[in-house]
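Input: a single structure, listed below in structure tokens.
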Amino acid sequence: GLPSSPLGPFARATSMWGGDAPAGGENASFRFNFGGDASPGGAGAGSPPADPESAVAASSELLSPGVEVFATDVPDPCPGWTPETIRIHNTSFVKGVSTGAKYSATTSLRLPKKVTETSDLVKGAYEGGAKLWECAVDLTEYLLAELADGGDFKINGSNVLELGCGHGLPGIACALLGAKQVVFQDYNPDVLRTLTVPNARANGLMRFDVDKSENDEKKTNCHCRFLGGDWGSLAHNSELLVPNSFQVVLCAETVYELSSFGKHVAILKRALAKNKNSLCLVAAKSYYFGVGGGSHAFAEALKKDGAFDVLPIHTVSDGVSNVREILKVTWKEGAMR
């Protein structure tokens, strides 16, 4: 989910590669904090917006402008990026070790230490892209497992969009599975510069985009693009986001806040190709305490909008968090005209 406040310092930053990052792994100091012990009936809960597209009409000065981040503008190696390997469904991925404090130290954001130690996001400035969220791992694992078992959807040759990508592991998995193009989108351009682009390089997606050395072998022919900015801005920018051009749209931990649902629905309607084989996969916790969002509420918002069919296709109950789900979202027959 994305707020509609300006990027502030991101829009004016001249350099995002600063001093040494704080020591510690990804979970050393940064914690999941969405507002404490609220229950589904407590503060933050409520009905989905009556008009799912109303948020898109917000004035342009309140939207983070859409921008393309070019991998060729990101140093290789990227200062402050430290690799670690994780294994998901028998596949090894390389990603940057990251925390909110490290992200703050190596970008223009410069959050107070107290903020980065107590919260996973800062509304209107930083949307948690430095953290590898549980549902991103769930979605990556589902993609790898489903395709290994000959699943009922196609990645090979498809155009894929990952919304709110952060580390970008689901999108990287799709590239390795044969996607024709993967577009990685995150609210914060600096997340793309300091994490997503280096992660994509480290997994062999685009070595020749930056380094044409014959010794660096590209693992995939997938074309990668990186888009920063608010969904409301991107949904109305046909140059950056070609309308209805993606056969697969991926979302992990993007539906935590009810106020973002309008723009979330709108960008799905803008991005998803209008054919019966196109689909969006939304991986989310069933409920986010304190802010009222979650997979159940987002499914209701989609149903109320009327353009999509929604089906829960995967559930994870491992004790790490509350129940997590993956929703399959497809166009209704009448909405594809």
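Criterion first (farther than 16 Å from residue 94 by Cβ, polar (S, T, N, Q), within 16 Å of the chain's Cα centre (by Cα) and surrounded by 24 or more Cβ atoms within 10 Å (Cβ to Cβ)) does residue 188 satisfy it?
Numbers: farther than 16 Å from residue 94 by Cβ: yes; polar (S, T, N, Q): yes; within 16 Å of the chain's Cα centre (by Cα): yes; surrounded by 24 or more Cβ atoms within 10 Å (Cβ to Cβ): yes.
Criteria met by residue 188.
Results for (1) farther than 21 Å from residue 165 by Cβ; (2) among the hydrophobic types (A, V, I, L, M, F, W, C); (3) assigned to a helix (DSSP H, G or I), shown as yes or no for each residue.
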residue: 280; (1), (2), (3): no, yes, no
residue: 283; (1), (2), (3): no, yes, no
residue: 288; (1), (2), (3): no, no, no
residue: 296; (1), (2), (3): yes, no, yes
residue: 311; (1), (2), (3): yes, yes, no
residue: 314; (1), (2), (3): no, no, no
residue: 335; (1), (2), (3): yes, yes, yes
Qualifying position, being small (Gly, Ala, Ser), closer than 27 Å to residue 157 by Cβ and either in contact with a Pro (Cβ under 8 Å, 6 or more places away or on another chain) or surrounded by fewer than 22 Cβ atoms within 10 Å (Cβ to Cβ) (or both), among 301, 271: 271
From (1) of a type outside the set (Gly, Ala, Ser); (2) open to solvent by 40 Å² or more (accessible area, probe 1.4 Å); (3) within 14 Å of the chain's Cα centre (by Cα), pick out the condition that doesn't hold for residue 248. (2)
Can you tell me which residue is farthest from residue 279 (Cα to Cα) among those in segment 314-334 that are open to solvent by less than 70 Å² (accessible area, probe 1.4 Å) and touching a residue at least 60 places away in the same chain (Cβ under 8 Å)? 321
Considering only segment 216-258, how many residues are in contact (Cβ under 8 Å) with a residue 24 or more places away in the chain, part of a loop (DSSP other than H, G, I, E, B) and in contact with a helix residue (DSSP H, G or I) (Cβ under 8 Å, 6 or more places away or on another chain)? 15
Could you go through segment 268-275 and let me know if any residue there is closer than 17 Å to residue 139 by Cβ and in contact with a Gly (Cβ under 9 Å, 6 or more places away or on another chain). no
Restricting the search to segment 288-298, which residues are at pLDDT 95 or above and open to solvent by less than 50 Å² (accessible area, probe 1.4 Å)? 293, 294, 295, 297, 298
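The values are calculated or read from the model by the stated rules, or taken from the named source; none is laboratory data. Since this is a predicted model, take the numbers as computed values, not measurements. Reconstructed Cβ throughout: ideal geometry from the backbone, glycine too, with neighbour counts over all protein chains shown. Keep in mind that these areas ignore ligands, DNA and RNA; they rest on the heavy atoms of the full protein, side chains included. Shrake-Rupley method; radii C 1.70, N 1.55, O 1.52, S 1.80 Å.
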